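Undergrad: Attaching a single structure in structure tokens format; questions to follow.
What follows is calculated from the coordinates using simple rules that are stated; it is not laboratory data. From a predicted model like this one, the values you see are computed outputs, not experimental measurements. So basically every Cβ, Gly included, is an ideal-geometry build from the backbone, and we count neighbours across all protein chains shown.
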Amino acid sequence: MRVVFLGTGTSHGIPVIGCPCPVCASRDPRDRRYRSSILIEEGGASVLVDSGPEFRLQALRAHISRLDAMLLTHAHADHLHGLDDVRPLSKSAPLRVYGNGGALRELKERFAYIFRETQAGGGKPRLDLVEAESGRPLEICGIVVLPILIYHGRLPVLGWRIGDFAYLTDCSRIPEESFDLLSGVRVAVIDALRPAPHPTHFSLDEAIAAARRIGARQTWLTHICHDASHEELERLCAERGRDVGARPAWDGLELDLE
């Protein structure tokens, strides 16, 4: 299985518009972060997780030429608002979009034009919405995918597990029953907004603690804001999360997993 990090930034992205801070002004390419998203390739299938506002740019950079499905963590703008740009990838067949009931309802409200009859013109995405429920496995193009309930503040969102890999973004709490569903995960991608606490996201230490509880051997941190540079986060991870292999992810990072 191949995992490509299309974006690893928070809702503003980095650099943040109008921000003169050292991270936003950094020349380190790892400090330039699109909104968080990954592409999973397995057995010839190509599965997108979230479609943020830069999806078109992410797809061009990663040379995405087809999609077989999309997994939606939740319907916040930074995870959904690039949805219209799947149009070229849904011409031959509707793209299946999996998400929880609340996220799919919001999608239909924000992109209402997709679901009503309109005049012919530039086209619109062809979508097939499928409700996913935590703990109930889905088979997508021969891949078994497990939706997992996590909380983004008070909002229930979905993490996704394939084999011993899990993607858990926009997370501030993992309920006890979901830790059971994460048993055996060896490679975890976990929300770690910043070193300081935040009400709706894991901090760096909270993400590392969650990885430790899961039993991850390799932990990649995502949904990162501009409070710390990539280099600073590397140092903090080496000090605090060496036992779970913690490191900050970056845009363009590729993982080849057995």
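Undergrad: Check off (1) under 21 Å from Glu139 (Cβ atoms); (2) without any contact (Cβ under 8 Å) to a residue 24 or more places away in the chain for His63 and give me the number that stays unchecked.
TA: Unmet condition: (1).
Undergrad: All but one of (1) part of a strand (DSSP E or B); (2) of a type in the set (A, V, I, L, M, F, W, C); (3) touching a Cys at 6+ places or on another chain (Cβ under 6 Å) hold for Leu39; state the number of the condition that does not hold.
TA: Of (1) part of a strand (DSSP E or B); (2) of a type in the set (A, V, I, L, M, F, W, C); (3) touching a Cys at 6+ places or on another chain (Cβ under 6 Å), only one is false for Leu39: (3).
Undergrad: Among the residues of the stretch 54-75, write down those that are surrounded by 17 or more Cβ atoms within 10 Å (Cβ to Cβ) and either touching an Asp or Glu at 6+ places or on another chain (Cβ under 7 Å) or assigned to a helix (DSSP H, G or I) (or both).
TA: Of everything in the stretch 54-75, those that are surrounded by 17 or more Cβ atoms within 10 Å (Cβ to Cβ) and either touching an Asp or Glu at 6+ places or on another chain (Cβ under 7 Å) or assigned to a helix (DSSP H, G or I) (or both) turn out to be Phe55, Gln58, Ala59, Leu72, Thr73, His74, Ala75.
Undergrad: On the basis of being more than 24 Å from Pro175 (Cα to Cα), of a type in the set (D, E, K, R), out of contact with any Lys or Arg (no Cβ under 6 Å at 6 or more places or on another chain) and assigned to a loop (DSSP other than H, G, I, E, B), does Arg96 make the cut?
TA: It is false that Arg96 is more than 24 Å from Pro175 (Cα to Cα), of a type in the set (D, E, K, R), out of contact with any Lys or Arg (no Cβ under 6 Å at 6 or more places or on another chain) and assigned to a loop (DSSP other than H, G, I, E, B).
Undergrad: Would you call Ala188 within 23 Å of Asp31 (Cα to Cα) and either surrounded by 22 or more Cβ atoms within 10 Å (Cβ to Cβ) or among the hydroxyl-bearing types (Ser, Thr, Tyr) (or both)?
TA: Values: within 23 Å of Asp31 (Cα to Cα): yes; either surrounded by 22 or more Cβ atoms within 10 Å (Cβ to Cβ) or among the hydroxyl-bearing types (Ser, Thr, Tyr) (or both): yes.
Judged against the criteria, Ala188 is a match.
Undergrad: Related question: Please determine whether any residue of the stretch 25-38 is touching a residue at least 60 places away in the same chain (Cβ under 8 Å), of a type in the set (Gly, Ala, Ser) and surrounded by 20 or more Cβ atoms within 10 Å (Cβ to Cβ).
TA: yes
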